[in-house]
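No value in this document is a laboratory result; all are computed from the given coordinates. Keep in mind the model is a prediction, meaning the values are calculated, not measured. Quick reminder, even Gly has a Cβ in these numbers, built from the backbone with ideal geometry, and neighbours come from all protein chains shown.
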């Protein structure tokens, strides 16, 4: 009888460990070589997808409900086929698929993900729940066994980035006790393997332009969303859209923030950020809800939305929009600096426009006893040169400090519906 119980236990354990998600392919004949009609796992489907060399129409990989453990390092999508807005690829979890990181990840690696898109274009990742594995607990960078990225966009070469990628309707939950955790990560200034060595994309084709992030729920990460374009002004990302044009497409980022001391990911600011966009022009960051951990940030400046100085200041005409976001920040430091929206110098041109409108700043403060960081707290901090700045409805309640230091030919600054407690 004991032997029977043991066999049953081993069978059940095997089922849990080897759980897989079956995949059905719509229009498999649209690829060269043709994909199969179905695959026994998402891992096998993604491996086959990464081998296609041509595509003549849309292709969708539809996952059946279930759970699957990701391969070590993550699912890697890196096909060479030249996709377009119509000849595109969708990988759909339909809100019923959970992808869990393996345990352990490779010791000391800084580039593990649940999903990585490397140099492929016009791919949509939607409807998945992506989770860190509870068995991954070593947070020391040199020996960590953790997952760094929920979804990562990286170049295949300095002239072949991951462009026109859409990440939508996903739930991403990692473990922010590990300092190197990012919900969605896009960086065109290092390779897919060596994240702390500068090696920027060298053309516009090498950047990750056209990235769209809609209706994702990101939590338990140190930094929510990071987008870093190539360093040359002429190669800057374009078409970055985080949150869309209506409340129904905004992302929700919660329980983010642990420390500004993390590994030296190239051109990523050493601060804690809900959303960071750098080396990008003409971007939109709107309709997002950004809520930090409640006192979880114990080192570094805490920002809701951060637009750091570009590696090289842009020179073209463009409009950046940061609107209709709801931002709540609570630092665990007694004197830690906090900025709801930080837009410092070096990220605009003399002919560019910034629209920063209808953002709601709530629950700003310090949870540490004896906190005295009042002089370090600002809802909106803008220090840049622009042709036009519009600011409307800065916040709906108490303004602790607003710092605006601007120099540009033409300023339109409307401060409306501001109520102070």
Ranking of 185, 75 by count of other Cβ atoms within 10 Å, fewest first: 75, 185
Neighbour-count ranking [beta-carbon atoms within 10 angstrom, fewest first] of 157, 56: 56, 157
Shape category assigned to the stretch 169-282 from the gyration tensor of Cα positions, a/c cut at 1.5: oblate
Paramagnetic reach from residue 24 (point 7 Å along Cα→Cβ, amide N under 12 Å) across the stretch 38-74: 38-39, 61-65
Debye intensity ratio I(q)/I(0), log10, the stretch 101-404, q values 0.10, 0.11, 0.13 Å⁻¹ (C-alpha model): -0.48, -0.59, -0.84
Sites residue 362 and residue 44, calculated FRET efficiency, Cβ-Cβ separation with R0 51 Å, nearest 0.05: 0.65
Per-q log10 I(q)/I(0), the stretch 77-142, q = 0.19, 0.20 Å⁻¹ (Debye; single scatterer per alpha-carbon; no solvent): -0.86, -0.91
Inter-label distance for residue 86 and residue 134, nm, one decimal - labels placed 7 Å from Cα along Cα-to-Cβ: 4.9
Ordering of 88-96, 254-262 by burial proxy (mean other Cβ atoms within 10 Å per residue, highest first): 254-262, 88-96
Per-pair calculated FRET efficiency, R0 = 56 Å: residue 245 and residue 103 via Cβ, rounded to 0.05: 0.90
Order of 148, 68 - criterion: other Cβ atoms within 10 Å of each residue's Cβ, fewest first: 68, 148
Contour excess over end-to-end distance, with Cα ends at residue 313 and residue 199 and 0.36 nm allotted per residue: 39.2 nm
Cα gyration tensor category, rounded, prolate or oblate, for the stretch 213-257 with a/c compared to 1.5: oblate
